[in-house]
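Shown next, in structure tokens, is the structure this report addresses.
Bear in mind that the values in this text are calculations on the coordinates, not laboratory data. Since we're looking at a predicted model, the values are computed, not measured. With ideal geometry, Cβ positions are generated from the backbone for all residues, glycine too; neighbour counts draw on all protein chains shown.
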Amino acid sequence: MATREEIVDRCQALYDDLNFTAARNWKAAKEGRHVIGFMPMYVPREIIHAAGMMPLGILGGGDQLEVIQGDAYYQSYICRIPRSTIELLLTERLDFVDGMLFPSICDVIRNLSGMWKLLRPNVYSHYFDVPQNYLKDVGGEFYIHELNVLKEDLEKIGGVTISDDDLKNSIAVYNENRRLTRELYKFRSDRPWLAPSSEVYLINRAGMLIPVEEHNQLIKDYIAAAALEDRPKRDNSRVVISGSFCEQPPLNLIKSIEMSGCYVVDDDYMLVNRWFTKEVPTDCDPMQALSYTFLEASVKMPSCFEPDEDNKGLFLVDTVKENNAEGVIFAATSFCDPALLERPILQDVLNDAHIPHISFKYAENTGQMQPIREQAGTFADSIKLWS
Amino acid sequence: MSAPQRKPSTDVQKDASMAKQKAMIDSNFERLGNVRNSGEKVSYTFVPGNLNELVMCFDMVGNYPEINAIQNGLRKKSGGMIMEAEKWGHSEDVCTYVKSDIGMMRKGNIGPTGQPIPEPDILMLSYTGCYTFLKWFELLRHDYKCETAMLHVPYTGDNKITKSMVQYVVKQLKEEVIPKYEKVSGVKFDIDRLRENLANSARAEDDFVWVLQSAKNKPSPIDAYFGGIYYIGPIFTAFRGTELAVDYYQTLRSEIEERIRKGQGPITPEGEMKNEKYRIVTEGPPNYTSMRDFWKMFYDEGAVVVASTYTKVGGTYDFGFRHDPSRPLESLAEYCMHCYTNRNLPERTRMLESYINDYEADGLLINSIKSCNSFAAGELMMMREVEKRTGKPGAFVETDLVDPRYFSAANVKNRLESYFQMIDQKRRAGA
């Protein structure tokens, strides 16, 4: 079995590789394979998998990509992920991708779907809408239709027919992936000194870049290897990170928060890996199962409407309680409408629950960590001293 | 070279229709300010996806937070409100319409005309073409703790309005929106009343489209951006579906017919613009805090806007859509999906291209709004695409809707003057 260090090194290499070599190699290994890219927050990867294709998470260019052309497409007051994604496209790093899905996360990503159509008219690109109405016969029916549209589109691209059994099999594989991801998060929450946030992040991020079956094994191996180690336990404050669900923080920022005296015991990075809070049933119509599970068991996040004011923001209080956290760090991307518009409500809810919090903004290429380290460090100290 | 500057006049010149429009908008603020006496229930909603014909079926008065922000911007009040909201923790990065509205609420909810804005009995969250709407009304609901009806309008990402999309919206109207309005208002829904309102809408829409398309004349009798803002007022807000709106657009049309007959240009705050030198298409909302200064930069140079996408934000009627009383709920659904920012970028680009060609415009000017990602994300690419397709030059300025901190008059003026020079050079090169 690989050591923890070897597993993390592999994930770091995947993270650093802006040419997506693993996905290219997967595609090249067998004729007729296709890769479908997707932006954050959620797409039904099960359908892509059932078509025999590989879903590839495109989460921007991070802090290692020099954005030159991408900046010419966006004003200064728009976040960085669309410009670095355009850079990836225009520098042919995504030339092997057979289609792109743009989930309904915000207006910027939504409009990027149209830009893709103009820039690459011959490549499939699709704005993937999810329901904001959670009644089965209303939002549920609409969503089943949207799922079927995606299925038919993928069938055309791949020249395949996706059967119900294919879908059920893929749902089972992703149920396992979500279960393992939750297990990984629980492992970190229980023993954060054994699973640093930067490592958990890399394991989670690898799930965007390799086939799901490989990722399932990777998570198992990491947990097993990490559990064997004896790493020093520190007197850190336990915090939850909120607001980083789309443009990703640079790895150094994640490390900096931890180095400043915080154990991150939950976060909202790459929610697609644990979008459903329960298993998708495999004993009924698969599209209906995906649709109804979306309505009933999606994680709460700012791009989704909360129909019940009494429940608004409580997911964060629950997360704090479930993980024995002592505070929340709102870490949102600059110019991120969903996170920044939602934040005042969440802060109110936390205040009512007497949960301390701080907030700062970042970009995926933020390089100066000292202010963040000072802010997070002061927060950690204040929790230890005063809470 | 710039035309000689006229001194700003203190007496703003207005058409009869403009006075009528102002009286209509003011009357809604008066109605809102008087609900304590009248007992009317209050419905808040947005301009895109505005279901005024339906709201009227429940005898409710509509409040439009975007319009409040605009009116506060025009009256130079929005800046303080935005800072008030930022003081309460709202990010400097997000939409200033939202912050102007929240700031107004925090300062006592006195509306732009000085009358109180009543609390909502229902928030009609028509999620059409703008993600911020969703959060905006969650924020208001968080403070007011009132009933909220959510209407999710699917985005036309593939430039198609499918049967499934229409059915989805209709079902929401039937199962979510109408029952909530019945509950809050105590009035039973009457579909025949809705049909009557929709018939009025269609009549007004015919005249409205005629007015917009009158800019194909040379000289254009209207300014379809700065003047257009007045023209869209009634149909985008509390008056669509009313006899008043039908009457307003008939009056407006007669006025413009007369101007065409006389070969007159548009009316600006300083009188008729007599020398049409440049015909411009604009993309994006205007700046409201310095609107008169902004407009002056155009009419001083002889530039008239012949078509604008902003006047389509509450419906793209000029591409054929009309409310249809024979299919009332389906028609409302299709209306919402036809709103400009609910159209995908390739379609928006095609619309701009058609405006340049159909209105024989000299170029495209984008006023990119810091607050509005729904409009702004992708505009630079749209500009390049339109330039490529039409051979006409594009220009790009950046301002904000209602945040005075983001209007730099010297920069905007400098860029506009350069742009008009570029058009001159292109003309000379083509001659």
Based on DSSP, what percent of beta bridges with both residues in segment B:16-430 are antiparallel, to the nearest 5?
-> 10
Counting other Cβ atoms within 10 Å, keep those with at most 14, restrict to DSSP loop, and tell me which trypsin sites (Lys or Arg not before Pro) in segment B:51-116 are left.
-> B:Arg75, B:Lys76, B:Lys107
Work out the charge dipole of segment B:16-430 with +1 on the Cβ of Lys and Arg and -1 on the Cβ of Asp and Glu about the Cα centre, then indicate which of B:Val61, B:Phe294, B:Asn72 is farthest towards its positive end.
-> B:Phe294
Under unit Cβ charges (Lys, Arg +1; Asp, Glu -1), what dipole magnitude, rounded to 20 debye, does chain A have relative to its Cα centre?
-> 660
Where does helix A:197-206 land angle-wise versus the long Cα axis of chain A, in degrees 0 to 90, nearest 10?
-> 0
Ranked A:Asp348, A:Asp268, criterion: other C-beta atoms within 10 Å, fewest first = A:Asp348, A:Asp268
Suppose R0 equals 51 Å; then what is the FRET efficiency for A:Gln12 and B:Asp424 from their Cβ-Cβ distance, rounded to the nearest 0.05?
-> 0.35
So which of B:Lys277/B:Lys426; B:Lys20/B:Lys274; B:Lys392/B:Lys426; B:Lys20/B:Lys41; B:Lys160/B:Lys370 end up more than 18 Å apart by C-alpha?
-> B:Lys20/B:Lys274; B:Lys20/B:Lys41; B:Lys160/B:Lys370
Computed on Cα atoms only, the convex hull of segment B:16-430 has an orientation-averaged projected area in nm² of 18.7
Select from segment B:82-183 those chymotrypsin sites (Phe, Trp or Tyr not before Pro) which occupy a DSSP coil region and have at most 16 other Cβ atoms within 10 Å, ordered by residue number.
-> B:Trp88
Mind checking the dipole of the protein assembly as shown: about its Cα centre, +1 per Lys or Arg Cβ, -1 per Asp or Glu Cβ, Debye to the nearest 20?
-> 1760
Where a Cα-Cα gap under 16 Å defines reach, which lysines qualify for B:Lys135, not counting those fewer than 8 residues away within the same chain?
-> A:Lys300, A:Lys312, B:Lys99, B:Lys145
Amide N proximity, segment B:329-370 versus A:Leu119 label position 7 Å along Cα-to-Cβ, cut-off under 16 Å = B:345-346
Compute the distance in nm between two label points, each set 7 Å from the Cα along the Cα-to-Cβ direction, one at B:Asp293 and one at B:Arg405.
-> 1.7
Share antiparallel - DSSP beta bridges, the protein assembly as shown, percent rounded to 5 | 5
Computed, not fitted: 222 nm per-residue ellipticity of chain B from DSSP H runs ≥ 4 (each -39500 (n - 2.57)), nearest 500, equal to -15500 deg cm²/dmol
Given B:Lys218/B:Lys262; A:Lys233/A:Lys255; B:Lys216/B:Lys312, the pairs whose alpha carbons are separated by over 19 Å | none
How far apart, in nm, are two points set 7 Å out from the Cα along the Cα-to-Cβ line at A:Gln69 and at A:Ser387?
-> 4.6
To the nearest 0.05, what FRET efficiency results for B:Glu30 and B:Arg261 with a Förster distance of 35 Å applied to their C-beta separation?
-> 0.45
Determine the dipole magnitude for segment A:1-47: charges of +1 sit on the beta-carbon of Lys and Arg, -1 on that of Asp and Glu, nothing else is charged, the reference point is the Cα centre, and the result goes in debye to the nearest 20.
-> 260
